[in-house]
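Novice: Have a look at this one before I ask anything.
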Amino acid sequence: MDISLVIPLYNEAESLPELTEWITRVMNANKFSYEILFINDGSTDNSWKVIEELSAKDEHIKGVKFRRNYGKSPALHVGFGRAEGDVVITMDADLQDSPDEIPELYRMVMEDGYDLVSGWKKKRYDPLSKTIPTKLFNATARKVTGIYLHDFNCGLKAYRNEVVKSIEVYGDMHRYIPYLAKSAGFSKIGEKVVHHQARKYGVTKFGLSRFVNGYLDLLTLWFFNKFAVKPMHFFGFLGSLMFVLGFFSVIAVGVYKLYSMYHNMPYRLVTDSPYFYLSLTAMILGTLLFLAGFLGELISRNSVERNRYNIEKEIK
Ligand code: UDP
Ligand code: MG
């Protein structure tokens, strides 16, 4: 099979027939063998009924129905697990992404050898309240991940099948799939300018909280990528810094004390010195950081990830 289309959706009933028709037109014109996987993420409208009707008429159409709303990442994860095509293409269900981009995305993966091609909504049809924070978000993501994409969170992306089977999207991590792919060793990541349209039916499913959460997730991924199986390298380093700081502060306290005694200055308590408080805080923080490090090591020692490597080839 050439292409698996993975389409997560939450309350998009109005868009589905139009979207399916458009996809079918593109697929037939290019003679692709394909499947459409609709992942109904706990919709409360009649999206599922629409999917049932569509799939009764067309055997290319498959569907999964979540019992409740889990989020876009879980929907993608389930779709990725089931995708059989050589190239897996994800798109939003709201008609904001154009199926006309599919042939070129497919070509870039199969012929140009990209592991992942991400859409870039160069000209966006979204409100300013969304486009401006998005710019900031992408700039940060570029810096942290070292992947030079303009538009990390574009719903329209194409992957070599192997890529989606090697990564695990969860939580809200769909924003950083290129980073997950890179961490799994797929480094040929490309970008294609794609057409974008204003939402025709329904409303956006993500509010402004996406930016706060997106930033926190980026921190998490950065941490995972660097320290997941060696947390002590992170916590132990900071803890040691604290102890060094505490050590020098204690010396300063002692020196002050002796100095004031020799020079017959009025009697001073060690607690009169600001360095006393500094050393106290540093020692406590240092101990806590080491404790976090040891706990982290215990957890990662028992995690399934600790010895998971993505082996590309093997000769036996
Ligand atoms: N979506 C989903 N589960 C959710 C939220 C969204 O499957 O909990 C789907 C949604 O139906 C759409 C896609 O994810 O197909 C992108 O969502 P949306 O268009 O609301 O995001 P935006 O375009 O505003 O970034
Ligand atoms: Mg949308």
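The values are calculated or read from the model by the stated rules, or taken from the named source; none is laboratory data. Computed from a prediction, not measured in an experiment: that's the story for all the values here. Cβ coordinates were reconstructed from backbone atoms using ideal geometry, including for glycine residues, and neighbour counts include every protein chain displayed. The area values use the complete protein model at the heavy-atom level, side chains included, leaving out ligands, DNA and RNA. Shrake-Rupley method; radii C 1.70, N 1.55, O 1.52, S 1.80 Å.
Novice: Out of everything in region 273-286 that is open to solvent by 80 Å² or more (accessible area, probe 1.4 Å) and farther than 25 Å from LEU219 by Cβ, what residue ends up being modelled with the lowest pLDDT?
Specialist: PRO274
Novice: What number of residues within region 49-58 are farther than 13 Å from ILE7 by Cα and surrounded by 20 or more Cβ atoms within 10 Å (Cβ to Cβ)?
Specialist: 2
Novice: Checking the structure you have, find out if any residue of region 174-194 is more than 16 Å from ARG210 (Cβ to Cβ), within 16 Å of ligand 2 (Cβ to nearest atom) and in contact with a Phe, Trp or Tyr (Cβ under 9 Å, 6 or more places away or on another chain).
Specialist: yes
Novice: Filter region 59-73 down to residues that are over 16 Å from LEU156 (Cα atoms) and open to solvent by 30 Å² or more (accessible area, probe 1.4 Å), then give me how many there are.
Specialist: Selection size over region 59-73: 9.
Novice: Within region 217-229, is there a residue that is more than 12 Å from the chain's Cα centre (by Cα), open to solvent by 60 Å² or more (accessible area, probe 1.4 Å) and without any contact (Cβ under 8 Å) to a residue 40 or more places away in the chain?
Specialist: Looking for residues that are more than 12 Å from the chain's Cα centre (by Cα), open to solvent by 60 Å² or more (accessible area, probe 1.4 Å) and without any contact (Cβ under 8 Å) to a residue 40 or more places away in the chain, one finds at least one in region 217-229, hence yes.
Novice: Give the residues of region 170-211 that are within 11 Å of ligand 1 (Cβ to nearest atom), in contact (Cβ under 8 Å) with a residue 40 or more places away in the chain, more than 13 Å from ILE147 (Cβ to Cβ) and in a helix (DSSP H, G or I), sorted by residue number.
Specialist: HIS174 - this is the single residue of region 170-211 that is within 11 Å of ligand 1 (Cβ to nearest atom), in contact (Cβ under 8 Å) with a residue 40 or more places away in the chain, more than 13 Å from ILE147 (Cβ to Cβ) and in a helix (DSSP H, G or I).
Novice: Sort out which residues of region 34-76 are touching a residue at least 40 places away in the same chain (Cβ under 8 Å) and polar (S, T, N, Q), and write them in order of number.
Specialist: Matches in region 34-76: ASN69, SER73.
Novice: What residue, of VAL270, VAL244, is of a type in the set (Val, Ile, Thr), open to solvent by less than 100 Å² (accessible area, probe 1.4 Å), under 39 Å from the mean Cα position of the chain (by Cα) and more than 30 Å from GLU168 (Cβ to Cβ)?
Specialist: VAL244
Novice: Further question on the same structure: Starting from residues that are among the acidic types (Asp, Glu) and either more than 16 Å from ligand 2 (Cβ to nearest atom) or within 24 Å of PHE66 (Cα to Cα) (or both), keep the ones in region 77-102 and report whichever is most open to solvent (accessible area, probe 1.4 Å).
Specialist: Only one residue tops the list, namely GLU84.
Novice: Let me ask something else about it. Among the residues of region 156-169, how many are assigned to a helix (DSSP H, G or I) and basic (Lys, Arg)?
Specialist: 1
Novice: Check off (1) assigned to a helix (DSSP H, G or I); (2) farther than 15 Å from ARG142 by Cα; (3) aromatic (Phe, Trp, Tyr) for TRP222 and give me the number that stays unchecked.
Specialist: Among (1) assigned to a helix (DSSP H, G or I); (2) farther than 15 Å from ARG142 by Cα; (3) aromatic (Phe, Trp, Tyr), the lone unmet condition for TRP222 is (2).
Novice: Yes or no: GLY239 more than 16 Å from ligand 1 (Cβ to nearest atom) and of a type outside the set (Val, Ile, Thr)?
Specialist: Answer is yes for this residue.
Novice: While we're here: Hey, among the residues in region 3-24 that are in a loop (DSSP other than H, G, I, E, B) and surrounded by fewer than 21 Cβ atoms within 10 Å (Cβ to Cβ), which one's farthest from the chain's Cα centre (by Cα)?
Specialist: The residue in question is GLU14.
Novice: Tell me which of these LYS143 doesn't satisfy, since it passes every other one: (1) surrounded by fewer than 23 Cβ atoms within 10 Å (Cβ to Cβ); (2) within 16 Å of ligand 2 (Cβ to nearest atom); (3) under 16 Å from TYR215 (Cα atoms).
Specialist: The failed condition is (2).
Novice: Follow-up question, since we're still on this one. Considering (1) in contact (Cβ under 8 Å) with a residue 12 or more places away in the chain; (2) of a type in the set (Gly, Ala, Ser); (3) more than 12 Å from ligand 1 (Cβ to nearest atom), say which one ALA13 fails and leave the rest.
Specialist: (3)
Novice: How many residues does region 287-316 hold that are over 16 Å from ALA228 (Cα atoms), within 25 Å of the chain's Cα centre (by Cα) and either of a type in the set (Ser, Thr, Tyr) or at pLDDT 95 or above (or both)?
Specialist: Final tally of qualifying residues: 0.
Novice: Only one residue in VAL169, VAL203, VAL164, VAL212 is over 15 Å from the mean Cα position of the chain (by Cα) and of a type in the set (A, V, I, L, M), so which one is that?
Specialist: After ruling out the rest, the residue left standing is VAL203.
Novice: Okay, next question. So which of MET283, MET261 is within 46 Å of the chain's Cα centre (by Cα) and of a type in the set (A, V, I, L, M, F, W, C)?
Specialist: Being within 46 Å of the chain's Cα centre (by Cα) and of a type in the set (A, V, I, L, M, F, W, C) holds for just one of MET283, MET261, which is MET283.
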